[in-house]
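Input: a single structure, listed below in structure tokens.
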Amino acid sequence: MSKEALVEVKNLKTYFYTEEGVVKAVDGVDYEIYPGETLGIVGESGCGKSVTSLSIMRLVESPPGRIEAGEINFKGTDLTKLSEKEMRKIRGNDISMIFQEPMTSLNPVYTVGDQIIEAITLHKGVKRKEARRQAIEMLQKVGIPLPEQRVDEYPHQLSGGMRQRVMIAMALSCDPQLLIADEPTTALDVTIQAQILELMNSLKESYGMAIMMITHDLGVIAEVSDRVAVMYAGKVVEYTDVDTLFDDPKHPYTWGLMNSIPKLDKDVDRLEAIPGSVPSPLNFPEGCKFNTRCPLAKGKCYDVEPPLEDTDGGHMVRCWRYEHLEEIKKRGERIYEDRGVQK
Amino acid sequence: MEWKEILTRLIKNKLSLFGLIIILFFVLVAVFAPYLAPPRSPEDAYEIPRAGWQVEPQPPREGYLFGTAQGSYDIFYGMVWGTRTAFRIGVIVVGLSSLFGIIIGTLSAYYGGIIDEFFMRITDVFMSIPFLVAAMVLTTILGKGLDNVMIALVTFGWMGTARLMRSQVLEIKNEEFVQASIALGASDTRIIFKHIIANCIFPVLIQAFMRMGSMVITASALSFLGVGAPEGYADWGQMITFARDWILGGQGSALKYWYTVVIPGTAIMLFSLSWNLIGDAFRDILDPKLN
Amino acid sequence: MINYIIRRFLILPFILFGVTILVFSMIMMLGPYQRLSTYINDPAQLKGQDMDKLISKYGLDDPWYEQYSRWIGGVVHGDFGWSESAGQPVTEAIFSRFPATLELALFAVIPVVMGGIWLGVLSAVHHNQKFDHIIRIISTIGWSFPTFVFGLLVLMIFYGVLGWFPPGRLSADAAAIIRSAEFVRYTGLNVLDGILNLEINVVFDAFRHLIGPIVTLAIVWWSYILRITRSSMLETLRKDYIRTARAKGVAEKFVINKHARRNALIPVVTVAGPMVLGLLGGVVIVESVFGYRGIGQYAAQAAQQLDYSGILGVAMYFSFLLILINLIVDVSYAVIDPRIRLE
Amino acid sequence: MQKKLVVLLTLVLVFSVFSVVGAQEEVNSPNTFTYVNIGDQSTLDPHFAYDTGSSEVIYQVYETLIGYDGESVKNFTPLLSTEVPSQENGLISEDGSDYTFLIREGVEFSNGNSLTAEDVKYSFLRGMISDRSGGPIWMLYEPLFGAGFAGLSDVTADVVGVEDPKQLTDEQAEKVLAVLEDKITVDGNRVTFHLESPYPPFLNILAQGASWGSILDKEWSIEQGAWDGTAADIVASHDPVKEEDPLFDKMMGTGPFVLTEWVNGDHVVFNRNNNYWRGPANFKTAIIRNVDEWSTRKLMLLRGDADMIYAPTQYRSQVEGEDGIVVTTGIPALQNMNMILNWDITTEGNSYIGSGKLDGEGIPSDFFADEDVRKAFSYAFNYEAFIEQVRMGEAIQLRGPIVDPLLGYDENSKVYSLNLEKAEEHFQKAFDGELWETGFTMDLVYNSGNDPRKTAADMLKSYIERINPKFNINVRGVQWSTYLDASVRGTLPASFGGWLADFPDPHNFVQPFLDSSGYYANRRGDTYKNWADEVGINDLIAEGISTTDSARREEIYKKLQKMSIDNAIDLWIDQPTKSNTRRTWVKGWYPNAVRPGVDFYSMDKVAE
């Protein structure tokens, strides 16, 4: 990886100051995104993956949230140091974002056209008429039939998949260099999910932009990502390229996640599940944050937080005992309890 | 959400804690009224004793901690026993009118059609008569007295809740879990109680909290029009109405009779503020988006 | 939409009928001697009265249905009866007072709604900050003190001390202009008539007299609109499309004023209807303090005197207004919310 | 920005709190006089009006034959008549039953019509024919037709045997009209009233302030649709409903002002009558504004927008002593307040008397028929405190129905004062001691909103309950309509009464209060009526009104006053005095106990 990183996140810490205490939603995260690649960020809900992306956009609600420390270097500029005004020039223009709920992410009182035009006029400085033309063109590009007609319709007149396409059209209308997609397909039907992912992949090719794909779904990751960061409790626990991750997950958490996906190619009727739930961010355990759920946790795991270590050639893992997992994997044993019959 | 958890969160929030403390204070005042301001005789405890027959308000002095209002009514006594009245009006009026509202709103939205039309037109009829006109006519018919004022407030005070409830139920009626229950052949009563009311009650509850505080003001508006509590009855609304002709002070000093308005005003404000703060906090807690 | 409007008006007679029956039956619960108070409204007038003669003169001891049909018979012929409490025919009593109240309500609605929405939005934007707390406390004070307290204070400051805004509807000079033969009373609204007659003095004078009541009403009703706007705005600000707008790079000012406010106004419109009705019917206290002869005072007086033709007149007029206001509310709904418009 | 606003607001507040409105050096709008009052007018028809609000307006536009001399309520001055009739000048006949007025010449109504003797005759006939029920016209019938005649119906019954004038045939109407016309005759510019028998207060009844004595323009009135002067129109013109009365909202008089605008409940505007025979008034416009809120009236006065306001006694101290404000207090008013004790309480459906028996749980029907009970009540009232504290010193204790300064009022006569021992003594004697043993429970009812009445009731409660723990009084405020109903049905054990004189003569007090046929006798029931007849009260009253001998009259009225107190017929409370609050620039104001409200014509606005 000799290319210059498009985005370089260094030791990012985003905390929320609530009445109950400080929530360390993102607590020292590092990763890079290179031009034209797709970085997948995966984790259970509440692991801080969305907050990371909102931190890049500087959209963390403040108060109660605050970027506590760290750098977000976008093409050499530290976004955390920018003024709100400078930041606004970047949002929607250099970096844009699409969200999980296409049903609610569009403003119901304006036509979809208005909402796309707004982004275009905002960043491209073109006249409204021209912006409208571009908007129609964008709608066409994202595969919306009869775009001239659709442009004047209101979001509630469109189906979920269509709305997500509108969202994508809006996000791409200013040729961003980075598209952050926060669970873009979660709320959609399976068939439409596939269509949207396909669309994103093809648009990525034609626009040459980088994508940061945030999801809890490893299937999506497998489909679109080049590299993957697995997050748990505000930290990256495993960070490598997608093939390595699926071939050789090193963190027990990743391993757990993978075993909870039904695989058609393997003849198993049992799924493993990670027992317990993500600990409350107000009440993280000492040592490794995963120790409350980790079947391998032992001794040091309860005292000292492991660092993110490069195990071999860029495969980063945050675990004291990943080697132990290797052995278990080799023996083909399960480390988690059965979740029960799923079929 | 568990009630216990709601309570914990109410206590954790500084503003609602403040509200709770004030309400608690008023509850204590209400409970210990006979000790704070011993009545002359228990049967007319709500009758504010008069320090004399003087019309002009007199400033605080020994024996009359807060002074006396127009007509030499003891402000302290009126405030202490008025606390009970405030709670009584609040709880009974808000409780009953919300209950009627919930029943009518739910039936109307759940059954729809002719029933809905019928109830909503009745609601329109009741809304068409300006509240104060209705209250005045009704108290004239029923006679003066706090109970009759409360009857008037309930009779012409349920329409807001009914409309709110109706819109809530209409929204929730089409939700899948309700439709599923209907499909499963659950009885109407079961659906209404188990699914609909349980899911619609919170906005109504929040509205009820807000109304608790404003009831005292409504009562004072009625006192202003001469249809409130009987003269001399311990009622905050009446206490502040006593100040009506003295607010602007007398010769030389605009603040001459400050105590006639400041004392009842502060009590009403704190009471109303507290319920509002609790209501606000309640809404924040129950709002699923904040969780 | 047209169908809907027609339907609304078709319902009107039924509501009017219900209102008259309700009011009539309430009043008829009282005995004839009690209802004599319509004609003898003061102990000083008792002397020399032959009660029984009066009762038979006004037919107070006839069965209620006879009295009702007598009254409704008049109504059918366009005669709403004589209002003893006003000393005028009911229609005249209402139409001579209604413009005054309407003028007050119209002028009050503007600052109340604008100011209330503005403050509510600000309060929501500064949610849980000092500004929000102060606004909320002030609004609770506004809502917690009886109107007459504010009315008298406003009168004292702006009239007693500064001498700017006197009580009443017009000063003697302006009233003389209005009485003169050249002055045409187009609407009964002094400000509007002043403009139409090109009498700038009248406009100025009428306006000067309106400010005191308006300020008082504003203080009281601001808090009402403010609370609703605030909570609705808070809810809206958490909506996904607000995040979308921010992610597009829309400036915060526009996020709030364009994207959030319009959505937040939908519930505000719902309560604005009853609020206007409340303003029109509940201004009796303000009217009394400012010596402003309007419909509120009339309603109160008619009720106090059990003047049933007066009460019925007021109630019928309110039913009509209710229908009208509900219509306006529904139409404004449609204007604001495309989801309703297109259904 | 916000900080500046806060500072500004604070400044305004501080400024307003500590500064008091200063006096204006100059006279505000010298051409307009503004009087700010409470209440409204019920009609503008002088023959229909029977309330102060209406009379006040009528006073400015219509004129009467004679007026009062300044503050006096006994001495007259000529007005539309050139002389005040008296036996000395021969205009009152020897036997005191014919009164002749010489009508002033050259007087014009404000529409330019000349005043004639015919107008005067028409005015009184029209009043007697319209005679609305509950109206003031009984005051004309009593002197003209004698005691027992109170209205047109009494005349029709007497002349043609028809009880209801609305049922008269044309023929009968002719007869009735002839009888009426006989009572008032015209000879040139002389108008003579032929009384049935001497009636001492007759001039008072016609004098200024009495709207029923107003002189109308015959031609104009007929044009408006008022009685057209024919017998045939009597049926249509008699007892009009207010809304159908043609003169309800129009006025045409000879007075100093012309009605310009009447917005009922808000204001009345008068313009100066420039042709007024006594010379035009001092200002072009006079306005009576109705502002019910005391504080608003106060501010209007302080700012000089009001020249004169109505200031209730209890709030007067708020303006007294302010620069530019003058307050005149202690103006006698011909009104009184008492508590009427019901000697014969209706027990049926009565919730105010507990069990209705003498068993400690209630009171019997004849509770107040026992003189000792009445006396005990009279001793248990703190007159001094009531006058000092409730009336703030502006009242005098009542010595029977007749008020100061009328004939028969004696400031040295016996009165009750608070004396709990005497009260106890009388309670012990009452019902042969039974009452003291069993105790009683009753309601004292007042009409809600009337604070002096509530205080009076509270006072009685507080003292009587102190005398014996078995005595229970509940003070109940009821709505006016309920009060009206209860007082008509006679269910109230005791009710409050207040009388405002129609004309300044003791007869106008003793008749309603003491006579068996009087208004208040009804509230005491048959027991009282019979008693009053037995002890000769009725005879005394009849003699008092028909004798012209002033000394004899005084004797009679003093006796009636004494009987009222000695027998404690009612609880006689007080005669409140009035005050007047105005700007110092108002000149020419003078008090007069009979005048309804203000006399704009007499006043002027002059800077100090």
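The table that follows gives values for the structure above.
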| quantity | calculated |
| --- | --- |
| Search result, residues across the range D:272-299 that are within 12 Å of chain B (Cβ to nearest Cβ) and not hydroxyl-bearing (Ser, Thr, Tyr) | D:Asp292, D:Glu293, D:Trp294, D:Arg297, D:Lys298, D:Leu299 |
| Meets criteria (within 14 Å of chain B (Cβ to nearest Cβ), touching a helix residue (DSSP H, G or I) at 6+ places or on another chain (Cβ under 8 Å) and either farther than 15 Å from D:Leu301 by Cα or of a type outside the set (Lys, Arg) (or both)) for C:Gly194 | no |
| Matching entry among D:Arg476, D:Arg489 (being of a type in the set (D, E, K, R), more than 19 Å from D:Gln575 (Cβ to Cβ) and touching a Ser or Thr at 6+ places or on another chain (Cβ under 7 Å)) | D:Arg489 |
| The range D:511-541 - residue that is buried (at least 22 other Cβ atoms within 10 Å of the Cβ) and more than 14 Å from chain C (Cβ to nearest Cβ) and, of those, nearest to D:Pro401 (Cα to Cα) | D:Leu514 |
| Subset tally (residues that are farther than 14 Å from B:Gln238 by Cβ and either of a type in the set (Phe, Trp, Tyr) or within 11 Å of chain D (Cβ to nearest Cβ) (or both)) for the range B:59-85 | 4 |
| Among the candidates A:Ile72, A:Ile67, A:Ile95, residue that is farther than 30 Å from A:Gly21 by Cβ, more than 7 Å from every other protein chain (Cβ to nearest Cβ), touching a strand residue (DSSP E or B) at 6+ places or on another chain (Cβ under 7 Å) and aliphatic (A, V, I, L, M) | A:Ile95 |
| Some residue of the range A:81-90 being touching a residue at least 40 places away in the same chain (Cβ under 8 Å), at the interface with chain C (Cβ under 10 Å from one of its Cβ atoms) and either polar (S, T, N, Q) or buried (at least 21 other Cβ atoms within 10 Å of the Cβ) (or both) | no |
| When residues of the range C:252-283 are limited to those that are modelled with pLDDT under 80 and at the interface with another protein chain (Cβ under 7 Å from one of its Cβ atoms), the one surrounded by the fewest Cβ atoms within 10 Å (Cβ to Cβ) | C:Gly282 |
| Selection within the range A:109-155 - under 21 Å from C:Ala260 (Cα atoms) and either aromatic (Phe, Trp, Tyr) or touching an Asp or Glu at 6+ places or on another chain (Cβ under 7 Å) (or both) | A:Val109, A:Tyr110, A:Thr111, A:Val112, A:Gly113, A:Tyr154 |
| Filter result for the condition that a residue is surrounded by 14 or more Cβ atoms within 10 Å (Cβ to Cβ) and among the small types (Gly, Ala, Ser), over B:Gly67, B:Gly63 | B:Gly67 |
| Residue that is surrounded by the fewest Cβ atoms within 10 Å (Cβ to Cβ), among those in the range D:394-423 that are β-branched (Val, Ile, Thr) and over 19 Å from D:Ile537 (Cα atoms) | D:Val415 |
| Answer from D:Gly321, D:Gly279, D:Gly304 - the residue that is among the small types (Gly, Ala, Ser) and either at pLDDT 90 or above or in contact with a His (Cβ under 6 Å, 6 or more places away or on another chain) (or both) | D:Gly279 |
| Subset of the range B:247-277 [closer than 30 Å to D:Thr313 by Cβ, assigned to a helix (DSSP H, G or I) and within 8 Å of another protein chain (Cβ to nearest Cβ)] | B:Val261, B:Gly265, B:Ile268 |
| Residue satisfying condition, being of a type in the set (Asp, Glu) and at the interface with chain C (Cβ under 8 Å from one of its Cβ atoms), within set B:Asp284, B:Asp280 | B:Asp280 |
| Residue, surrounded by the most Cβ atoms within 10 Å (Cβ to Cβ), within the range D:58-84, restricted to residues that are acidic (Asp, Glu) and touching a residue at least 40 places away in the same chain (Cβ under 8 Å) | D:Glu63 |
| Qualifying residue in the range D:157-176 (condition: modelled with pLDDT of 90 or more and within 20 Å of D:Tyr199 (Cβ to Cβ)) | yes |
| Unmet requirement for D:Asp158, which otherwise passes all of (1) more than 22 Å from D:Phe101 (Cβ to Cβ); (2) among the acidic types (Asp, Glu); (3) buried (at least 20 other Cβ atoms within 10 Å of the Cβ) | (3) |
| In the range B:103-136, residue nearest to the other protein chains (Cβ to nearest Cβ) [restricted to those that are modelled with pLDDT of 85 or more and under 22 Å from the mean Cα position of the chain (by Cα)] | B:Phe126 |
| Criterion: crowded, with 23+ Cβ neighbours inside 10 Å and either small (Gly, Ala, Ser) or at pLDDT below 90 (or both) - qualifying residue of D:Gly433, D:Gly449, D:Gly477 | D:Gly477 |
| Qualifying residue in the range B:153-166 (condition: within 14 Å of chain C (Cβ to nearest Cβ) and surrounded by fewer than 19 Cβ atoms within 10 Å (Cβ to Cβ)) | yes |
| Boolean, C:Val329 is in a helix (DSSP H, G or I), among the β-branched types (Val, Ile, Thr) and at pLDDT below 85 | yes |
| Counted residues, the range C:163-178 - those being more than 8 Å from chain D (Cβ to nearest Cβ), surrounded by fewer than 20 Cβ atoms within 10 Å (Cβ to Cβ) and over 16 Å from C:Asp193 (Cα atoms) | 1 |
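The values are calculated or read from the model by the stated rules, or taken from the named source; none is laboratory data. Remember, predicted model here, so these are calculated numbers, not experimental data. Because the Cβ atoms are built from the backbone with ideal geometry, glycine has one as well, and the counts that use them run over all protein chains shown.
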